[in-house]
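Q: After the structure tokens below, expect a handful of questions from me.
The values are calculated or read from the model by the stated rules, or taken from the named source; none is laboratory data. Keep in mind it's a predicted model, so treat the numbers as computed, not measured. Cβ atoms come from the backbone with ideal geometry, glycine included; neighbour counts cover every protein chain shown. Calculation scope for accessible area: heavy atoms of the full protein, side chains included, ligands and nucleic acids excluded. Shrake-Rupley method; radii C 1.70, N 1.55, O 1.52, S 1.80 Å.
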Amino acid sequence: MITKTPFDRREFIKTAAAVAGVASLPGFAFAQGAKVRIGLMLPYTGTFAQLGVAITNGFKLAIEENGGKLGGRELEYFTVDDESDPGKATDNANKLVTRDKVDVLVGTVHSGVEMGIVKVVRESGTLHINPNAGAGAATGALCAPNIFRTSFTNWQPSYPMGKVLADRGIKKVVTLTWKYGAGEEAIEGFKEGFTKAGGSIVKEMYLPFPSVEFQPLLTEIASIKPDAVFVFFAGGGAAKLIKDWQAAGLKGKIGLYGSGFLTDGILDAVGDAAEGIETTLHYGDGIETPKNKTFRLHYAKTYKLQPDVYAVQGYDAGLLLVAGMKAVKGDMSKKKELYAAMESAKIDSPRGAWTMSKAHNPIQDIYLRKVVGKENKVIGVAHKALADPARGCKMG
Ligand code: BEZ
């Protein structure tokens, strides 16, 4: 049997008016002391596992250094291991957005997985901060007011290496990478810079992600005898390539160059095989600024690990969110003000201070680095204040 509560019209109007009144007060959405719900969607297994850990550590360090709160609110973490698997990306992002109802989705490392996140956050309007994946479209054709990146586009760190090599008289280059979005875009960036400066690509080589079967390709490189080889690899795959390069007898015979992901975070794993490798990136271990020194000390003390570029990008994602939340005093319903504050934030980063482009990607210096012992030592600036062209972005 269905029992109906008698409908009292006057009581209903009184209650509705009271609810509407409270709801319109600023800060109603978090007035009950609700915690900010942070979704971390990163790889914690597979070839990029260490990158996911470093980003998480950096992000949490920035929040702790700023009092452990966001705009005065406590926070709560929801974590998903995305396994760097693009096939699971939209399901994983939906778990955080729909099931866990996160206020902000922070992730990820792999460009293919990032495309799944972008789809979900464009549909749901969830605030998204990308602390690594370089997929150009995220701040290009698919840019959006709620999508921010604290890292780079795949084009950005590779493009300047083209001119660096051409200026040294290097004319014939072979490229080698994993066949997926990040690899292809990184090679395109290098090719654009190199061919503009007069160089030519004699062969483009690929292997499927995350394969590390380098041997046949290294044999072919030895027979081509190019002036140099430019690569995009990162994490476990990068460490394996550097070791195989030495084992194949190519070290010291053919120059091996890349974007700095090749040598970041893996120097302990490769012994002396990486010594002398030059790369271009928006960070270097020995940047001589008080900010970088403090960051490195604090990170090492907290995690008993040396930080790398991934830790810096995670840290900057934390700083960006702190800046935005401070501006709206924790009230995330003020989306316009929140996004405007994040867009205009000047991030005091260990890499050097940077600002956001209109497409929400860092405008930053790209350093030339050289492996010396266990350090990616900065030996010059390959490009000052480089902004991604953000091709196709209709925002701003
Ligand atoms: C990417 O897939 O976008 C990526 C992965 C590792 C390092 C840099 C970029």
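Q: Which order, highest average first, do 77-84, 124-131 follow once you tally other Cβ atoms within 10 Å for each residue and take the mean per peptide? Mind showing how you got there, number by number?
A: Details: 77-84: 20.4, 124-131: 23.1.
Order by mean packing, descending: 124-131, 77-84.
Q: Select from the chain the helices, each a whole stretch of DSSP H, whose alpha-carbon atoms run 15 Å or more along the helix axis and whose Kyte-Doolittle mean is at least 0.0; answer none if there are none. Mind showing how you got there, number by number?
A: Numbers: long enough: 9-23 (21 Å, 0.48); 49-65 (24 Å, 0.56); 111-124 (20 Å, 0.39); 155-167 (19 Å, -0.45); 181-196 (22 Å, -0.65); 235-247 (19 Å, -0.25); 290-303 (20 Å, -1.44); 309-327 (27 Å, 0.97).
Flagged H segments are 9-23, 49-65, 111-124, 309-327.
Q: Can you spot the aspartates and glutamates whose alpha carbon is less than 14 Å from K377's alpha carbon? Ignore those fewer than 8 places along the same chain.
A: Filter leaves D264, E275, E278, D285, E288, D308.
Q: Follow-up question, since we're still on this one. What residue among L165, L105, L217 shows peak mean-square fluctuation when the chain is described by a Gaussian network model with Cα springs under 10 Å?
A: L217
Q: Still on this model: Output the relative contact order of the chain, whole-number percent, from Cα pairs under 8 angstrom with separation of 6+ residues.
A: Details: 836 pairs, mean separation 73.1, N = 396.
In percent, rounded to a whole number, it is 18.
Q: Evaluate the Kirkwood expression for the hydrodynamic radius of the stretch 155-281, namely the inverse of the mean inverse distance over all pairs of different C-alpha atoms, and round to one decimal in Å. List each step's numbers first, then the result.
A: Details: mean 1/r = 0.0705 Å⁻¹.
So the Kirkwood estimate lands at 14.2 Å.
Q: Measure up K326/K394; K95/K358; K60/K291; K196/K253; K179/K240; K95/K326 against 21 Å on the Cα-Cα distance and list the ones that go over. Numbers along the way, then the final one.
A: Details: K326/K394 28 Å; K95/K358 30 Å; K60/K291 17 Å; K196/K253 26 Å; K179/K240 17 Å; K95/K326 27 Å.
As for pairs spanning more than 21 Å Cα to Cα, those are K326/K394; K95/K358; K196/K253; K95/K326.
Q: Here is a further query. With a 1.4 Å probe and every protein chain kept in, tell me what percent of the accessible surface of the chain is carbon plus sulfur. Can you show the working numbers first?
A: On the way: 9530 of 17050 Å².
Using a 1.4 Å probe with all protein chains present, the chain comes out at 56 percent carbon and sulfur.
Q: Here's something else I'd like to know. Normalise the Debye intensity by I(0) for the chain, one equal point scatterer per Cα, no solvent, then take log10 at q = 0.07 Å⁻¹ and round to two decimals.
A: For the chain at q = 0.07 Å⁻¹, log10 I(q)/I(0) is -0.34.
Q: Could I ask something else about it? On average, how much accessible surface per residue is there in the stretch 155-281, in Å², for a 1.4 Å probe, leaving out ligands, DNA and RNA? List each step's numbers first, then the result.
A: Values: 4670 Å² over 127 residues.
Per-residue accessible area for the stretch 155-281 comes out at 37 Å².
Q: Right, something else. For the stretch 98-137 and the stretch 170-201, what is the separation of their Cα centres, given in Å?
A: What the calculation gives is 27 Å, centre to centre.
Q: Okay, next question. Using the alpha-carbon centroid of each, what span in Å lies between the stretch 365-396 and the stretch 214-256?
A: Measuring centre to centre over Cα atoms gives 23 Å.
Q: Please report the relative contact order for the stretch 155-281, taking Cα pairs under 8 Å with a sequence separation of at least 6, and give it as a percent rounded to a whole number. Please report the intermediate quantities before stating the final value.
A: Details: 231 pairs, mean separation 35.5, N = 127.
Reported as a whole number, the value is 28 percent.
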